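First comes the structure, then the notes that go with it.
Coordinate-derived values only; no laboratory data. This is a predicted model, so every value here is computed, not measured. Cβ placement follows ideal geometry from the backbone for every residue including glycine, while neighbour counts extend to all protein chains displayed.
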Amino acid sequence: MTENGKKTIDLALNRVEGDLELKIEHEDGVVTNAWSKGIMYRGFENMLKGRGARDGLVLTPRVCGICGTAHLLTAAKALDMISGVHLPTNAMLVRNVAMMAEHIQSDLRHGILMFMQDCLNPAYVGLPLYEEAIHRYQTFKGRSVVRTIRMTKKILEIVAILGGQWPNSSFIVPGGVASVPTFNDIVNCTYIINNFTTWYEEQILGCPLDRWQQVRSEQELQAWLDESDSHRDSDLGFFIRFARLVDLHRLGRGHGNFLSFGQLELPEGSAVHGHRDGALLLSPGFIGQGQAATDCDQELVTEHVTYSHFVDYPGGLHPFDGQTQPYVSPYEIIKYSFCKAPRYDGRPAETGPLAQMLISGHPLFTDMIAGGGPNAYIRELARLTRPAELLPAMKIWAGEIDPEAPFYQSVREIPDGRGYGLIDASRGALGHWVEISRQKIAHYQIITPTAWNGSPRDHDGVRGPWEEALIGTPIADPDNPVEIGHVIRSFDACQVCAVHLLTTDDHTAGHSRCLRV
Amino acid sequence: MRPNLYWLQCGGCSGDTMSMLNADSPNIAEATNSIGLDVLFHPSFSTLTPARHLRLLDELVGGALPLDILCVEGSVITGPNGTGMFETFAGRPKKDLIAELAAQAGLIVAVGTCAAFGGVTRAGDVGGLGLQFAGKDAGGFLGPDFLSREGSPVINLPGCPVHPQVLIGTLSALVVGKRLKLNERNAPLEYYNMLVHQGCTRNEYHEYQIEETDFGQMGCLFFHMGCHGPLAHGPCNKFLWNNRSCKTRSGIPCFGCTEPDFPQDTPFFETPNIVGLPINLPDGVDRPHYLAYKGMAAAAAPERLKHRQPKV
């Protein structure tokens, strides 16, 4: 398609939480507009309606294979709320430790197996770091890849010890957890955490956790990088060097709105303290374009469908009033995604580790963002280093589990009522809004992190976060738009986005090449 | 020449891919390298550029590059009204691509319950089908008589997700040309001739009908808590999950996720029963004899079990 020198390409993105395609409009080698299309509809919300009150605990982990524990926890929290149950301390500890294990595997599987694979893109053949990238990140062969596969499955053994299996267990139930770990189980979890931490320090960081935690500004990050070969040679060090080589910090700015539902409840009497004063290790909140973080109020969440393949309603609806009536027509010209458009206080918001770090007031990321807004580099840096924030608390919490104390407060029947579960899953804010009536699910609405990040336009035509983040992205080669891959993957679009080029016009003429170092 | 493999993701959650990453001894990297499998494309791991991936698909669909093994993860979405437009690829229904690749593949593996039987996706309003089954009914998307180029029906590896050893073991057999014997649902007997119940550490509770009626009581989960272990076929208690445990050992009922009717219509965590005895008895069991046996077994239950002394 050519119109006034503008060209469009359609890119199909493959991913865990349903396939996505992007339509990109570009002119003179720069993206001028973007549309993010969810191209798969599986109908979980309608599937759940009329089923047993606890069925969300089994079905919603199947929404997403990489963050099923997060869905399970969110579903259970909604039922906790409806039941009005007070959780035993052990239940909070087990939930937290299992949740953190899932986050850590996700951060590193995404970072090392999926994000860093872009370093091998043919566009980078001949760059100084290319040979090193192959050595580290080649599919199923690279040194870092092989070790990451080995260690991420080790950390997941914790979920199996505490909850039977990963993925897709249903051990978190309203009132606590169904499992009754023994002393031996808990001590095994601690050994796994210790071994994993040692590996994470050696390979990913190249330094002890407490050295990394001293990095509190961009300047200190530079000092850290220059400090030793082990810092430069770690995966984090390589990421920083590569990011600078390809100007990753110039990609993927976006709206600058951040949302976190917060997560990891602090049990009473625990030695772990939150980043900000509050009941959670990582704080909930919203940051609107450079403003200070405000508290997060779920009543301000709405979903729009003007541009989504669902039967229209005006404006946005709160998830308790949400409607999910799929609608596709071969003659459709407005609607382009099976994703609804979630908005917070009417605004699109990005979510994920970076949002979490900023809202929790992490000094390094607060400093970096002040220097030029969000970008693909900072987003991925937050993801690769999030385990450093989680591992110390995880170890303490595992040690605080008391095998002699209760893990479950009995909830025999789920009473009628409405409730919600809000947490930060690995990719960011996740919410389930549930209504139970006569032991059955009367209403179920789910907003996933990818729905936030990959949202289409809303009722007012405002782009979703990664649609906006793509604007201004240079495309050196429309046949191989690696820059778009960097931007989308910096949001951790669930899985690698296998970007397939579908239609192009003649793109040999009229495109200025993007200059690269 | 090394046999090649193309991995296609359809109507699913990628949980089978995640499960595959948990494989141990060998892990997925060791396995593909040591059995010499040439993975042409996997959506999560491949580094093919978009243009090269499209060219690869053209070569496979056109037959220029013979495809040895096609792995399909996720169900075939045929809705709404048979159009398949609830899941598209390149602007057309994904189901068309599935059909084109299936027509060329030497062998086809349905990875996970969605691809085998429709699974969770079948329970929705999207017309989700398995490749050669729709729930218990033979047929599915490709039809009951479909045979892949090497004369085999689709090899079903159900499980939500598939157990990683089942996947790697099956691929290891296929790569060396070994044909695994299949059951009536085209799943390898090697992995699906046993019940999830077999090997469960709570078997003795089952034996003497020491029952759990609420979470955490450490009894058998079959009679009240909705456990499908004695009905569901799979190696969960033989191989264990993540090298450590499985749901039934940890006090979570088996949901029968390897079975064609998963997810069942009845509520989870509840056993449909008549006067305290499950409507669905263990696989192949005769009701009158089972009733008599259970009555006697409960009376014979030892005190150490009644008091849950084993703590398993």
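By the beta-carbon count within 10 Å of each Cβ, the least crowded to most crowded order of A:His309, A:His86, A:His432, fewest first, is A:His86, A:His309, A:His432. For segment A:340-346, 3J(HN,Hα) computed residue by residue from phi via the Karplus equation (6.51, -1.76, 1.60; θ = phi - 60°) reads 6, 10, x, 9, 10, 6, x Hz, glycine and proline entered as x.
Based on the inverse mean of 1/r over its pairs of different Cα atoms, what is the Kirkwood hydrodynamic radius of the protein assembly as shown, in Å? Hydrodynamic radius (Kirkwood, Cα pairs) of the protein assembly as shown is 26.9 Å.
From least to most packed, judged by other beta carbons within 10 angstrom and beginning with the fewest, A:Glu45, B:Glu59, A:Glu299, B:Glu87 follow the order A:Glu299, B:Glu59, A:Glu45, B:Glu87. Taken one residue at a time, the phi angles of segment A:321-337 give Karplus couplings (6.51, -1.76, 1.60, θ = phi - 60°) of 9, x, 10, 10, 10, x, 8, 10, 9, x, 9, 5, 10, 9, 6, 9, 8 Hz. Gly and Pro are set to x. To the nearest µm²/s, what D does Stokes-Einstein give for segment B:194-312 at 25 °C and 0.890 mPa s, using the Kirkwood radius over alpha carbon pairs as Rh? Here the translational diffusion coefficient equals 170 µm²/s. The H on the amide N of A:Val173, modeled in the peptide plane, is under 5 Å from the matching H of A:Ala178, each at least 5 residues off or on a different chain.
As a footprinting exposure proxy, order B:Arg92, A:Arg379, A:Arg250 by other Cβ within 10 Å, with the fewest listed first.
B:Arg92, A:Arg250, A:Arg379
In this structure the amide hydrogen of A:His443, modeled in the peptide plane, comes within under 5 Å of the amide hydrogens of A:Glu435, none closer than 5 places in sequence on its chain. Separation of segment A:82-136 and segment A:387-448 by C-alpha centroid, Å? One Cα centre to the other: 21 Å. The stretch between B:Ala297 and B:Glu204, if pulled fully straight at 0.36 nm per residue, gains 32.4 nm over its current Cα-Cα span. Whole-Hz Karplus values for segment A:77-84 come out as 5, 4, 6, 3, 5, 5, 7, x Hz, taken residue by residue from phi with 6.51 cos²θ - 1.76 cosθ + 1.60 and θ = phi - 60°; glycine and proline positions read x. Run the helix sum for chain B: -39,500 (n - 2.57) per DSSP H stretch of 4+ residues, divided by residue count, reported at 222 nm to the nearest 500 deg cm²/dmol. For chain B, the value works out to -7500 deg cm²/dmol. Mean partner shielding of peptide B:5-18, defined as the number of other chain Cβ atoms within 10 Å of each residue Cβ, is 6.
Show me the chymotrypsin sites (Phe, Trp or Tyr not before Pro) within segment A:273-345 that DSSP assigns to loop and that have at most 16 other Cβ atoms within 10 Å of their Cβ. Show your work: numbers first, answer last.
On the way: sites: A:Phe286, A:Tyr307, A:Phe310, A:Phe320, A:Tyr327, A:Tyr331, A:Tyr336, A:Phe338, A:Tyr344; in loops: A:Tyr307, A:Tyr327, A:Tyr331, A:Tyr336, A:Phe338.
The qualifying sites are A:Tyr327, A:Tyr331.
Going through segment A:99-200, which trypsin sites (Lys or Arg not before Pro) have at most 14 other Cβ atoms within 10 Å and a DSSP loop state? Could you put the intermediate results ahead of the total?
On the way: sites: A:Arg109, A:Arg136, A:Lys141, A:Arg143, A:Arg147, A:Arg150, A:Lys153, A:Lys154; in loops: A:Lys141.
Those that pass, being in a loop and sparsely packed, are A:Lys141.
Hydrodynamic estimate: the Kirkwood radius of segment B:1-134 over Cα pairs, inserted into Stokes-Einstein at 10 °C and 1.306 mPa s, corresponds to D of 104 µm²/s.
In this structure, the residue pairs whose Cα-Cα separation is over 29 Å, taken from A:Lys23/B:Lys94; A:Lys440/B:Lys238; B:Lys136/B:Lys178; B:Lys94/B:Lys238; A:Lys153/A:Lys395, are A:Lys440/B:Lys238; B:Lys94/B:Lys238. A DSSP coil position with no more than 14 other Cβ atoms inside 10 Å describes the following GluC sites (Glu not before Pro) in segment A:396-485: A:Glu404, A:Glu413. Our note on the geometry: Cα centres of segment A:206-255 and segment B:78-156, 46 Å apart.
Once backbone amide H atoms are built at 1.01 Å from N, B:Asn156 has B:Ala110, B:Ala187 as its partners under 5 Å, excluding neighbours fewer than 5 places away on the same chain.
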